[in-house]
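What follows draws every value from the coordinates through simple rules; no lab data is involved. Every value quoted in this text rests on a predicted model; they were computed, and no experiment measured them. Cβ coordinates were reconstructed from backbone atoms using ideal geometry, including for glycine residues, and neighbour counts include every protein chain displayed.
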Amino acid sequence: MLSRTKGGIGEFEWDTGNLDKSYLKHGISPKEAEEIFVNEGSLVLPDLKHSQKEDRFIIVGQNFVGVYIFAVINNRVRIISARKMHRKEVKKYVQVKKNSQI
């Protein structure tokens, strides 16, 4: 499954541990992580490796100032982790986005 976000997300669910973890560990604020959901160029992929207990997804995209962000989410739009994409991930994201007709 590969899809693009279309915006319109109502409310994000954060728990305190994950809220602080993404900022302290990766320097990504909650606002920056949430911005990739309203960017129509963001891509959503299944996260098969971490979906044993619940369905999880990876969302990759850019925030409003162009920072490439990688986030792990679940069906309730609970952001589990958010960080800047690594160089190789950015390259792959740009390539997939360019070649995708979604």
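Quick rundown of the values:
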quantity: Selection within the range 12-29 - assigned to a loop (DSSP other than H, G, I, E, B) and without any contact (Cβ under 8 Å) to a residue 40 or more places away in the chain; calculated: Ser29
quantity: Tally, over the range 42-67, of residues that are of a type outside the set (A, V, I, L, M), touching a Leu at 6+ places or on another chain (Cβ under 8 Å) and under 14 Å from Ile28 (Cβ atoms); calculated: 1
quantity: Pick from the range 51-66, criterion part of a loop (DSSP other than H, G, I, E, B) and of a type in the set (S, T, N, Q), ranking: surrounded by the fewest Cβ atoms within 10 Å (Cβ to Cβ); calculated: Gln52
quantity: Any hit, the range 41-50, residues being in a helix (DSSP H, G or I) and buried (at least 16 other Cβ atoms within 10 Å of the Cβ); calculated: yes
quantity: Every residue from the range 30-62 that is over 10 Å from the mean Cα position of the chain (by Cα), over 20 Å from Thr16 (Cα atoms) and free of Cβ contacts under 8 Å to residues at least 40 places away in the same chain; calculated: Val38, Asn39, Glu40, Asp47, Leu48, Lys49, His50, Ser51, Gln52, Lys53, Asp55
quantity: From the options Ile69, Ile79, residue that is farther than 16 Å from Phe12 by Cα, touching a residue at least 40 places away in the same chain (Cβ under 8 Å) and buried (at least 16 other Cβ atoms within 10 Å of the Cβ); calculated: Ile69
quantity: Condition met for Tyr93 (in contact (Cβ under 8 Å) with a residue 24 or more places away in the chain, surrounded by 12 or more Cβ atoms within 10 Å (Cβ to Cβ), part of a helix (DSSP H, G or I) and at negative phi); calculated: yes
quantity: Scan of the range 21-38 for residues that are surrounded by 17 or more Cβ atoms within 10 Å (Cβ to Cβ), touching a Ser or Thr at 6+ places or on another chain (Cβ under 7 Å) and farther than 18 Å from Asn75 by Cα, ordered by number; calculated: Ser22, Ile28
